[in-house]
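Notes to accompany the following structure.
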């Protein structure tokens, strides 16, 4: 189903209003839906974008801001793999052939990825069902890029907003590695909470930046050493 084709009529309709293709239920999400939107498939959890569509826009912008295209990428860890948005940007759009490990807690989303989004095309990707905060199994590995896009509905689980988690991630980065952490903000309360999280993040990643990609999404970027634009100055 990853190569499913659509009539021109349906594709044109999807630019006016998204067409629901199939709905799934899981232990972690009551309503997972695959849609045809603007001529392409997207995945939502309830009303929240989950993979592709808006998520693609967010990380395309975050990658551009952090100059990911100029990085040497051999090993990438994706926490909250979903249906493969990050892997798609890296492999399909940037032409990277790096080894990717994707962690996804929901087995139903993993299956949706296979059936509807052809995640089997990611030649160098290993998709593992598990929790994003259980990183001790990777303690002997190092990554050039780690992306955290972990959500249950609109909420980021508390365990991946903690100092302990950020320190674990920092320990998995290569010396010039980059960590990207997305947060969805829809209220003033969430903005205040984000400020607290950013302070914790800054204690682990002194070289960091808060990237506002749109009204409701921010991405924290943390460098293990220096970002590319400063590395050119100091080295």
ask   = Counting only residues that are within 14 Å of residue 148 (Cα to Cα) and part of a loop (DSSP other than H, G, I, E, B), how many does segment 84-101 have?
value = 1
ask   = Which one of these does residue 145 not meet: (1) modelled with pLDDT of 95 or more; (2) under 14 Å from the mean Cα position of the chain (by Cα); (3) under 25 Å from residue 186 (Cβ atoms)?
value = (3)
inquiry  = Need the failing condition index for residue 29 against (1) modelled with pLDDT of 95 or more; (2) farther than 26 Å from residue 177 by Cα, just the number.
reply    = (1)
request  = Among what's in segment 20-40 and is outside any loop (DSSP other than H, G, I, E, B) and in contact with a helix residue (DSSP H, G or I) (Cβ under 6 Å, 6 or more places away or on another chain), pick the residue that is nearest to residue 106 (Cα to Cα).
outcome  = 24
inquiry  = Among the residues of segment 188-207, what is the count of those that are outside any helix (DSSP H, G or I) and crowded, with 18+ Cβ neighbours inside 10 Å?
reply    = 1
message = Just to be sure before I move on: is residue 167 assigned to a helix (DSSP H, G or I) and either in contact with a helix residue (DSSP H, G or I) (Cβ under 8 Å, 6 or more places away or on another chain) or at pLDDT 90 or above (or both) in the structure I sent?
response = yes
note = In segment 41-71, anything part of a loop (DSSP other than H, G, I, E, B) and closer than 18 Å to residue 94 by Cβ is listed as 52, 66, 67, 71
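The values are calculated or read from the model by the stated rules, or taken from the named source; none is laboratory data. Everything numeric in this text was worked out from a predicted model, so none of it was measured. Glycine also receives a Cβ, built like all others from the backbone with ideal geometry; neighbour counts cover every protein chain displayed.
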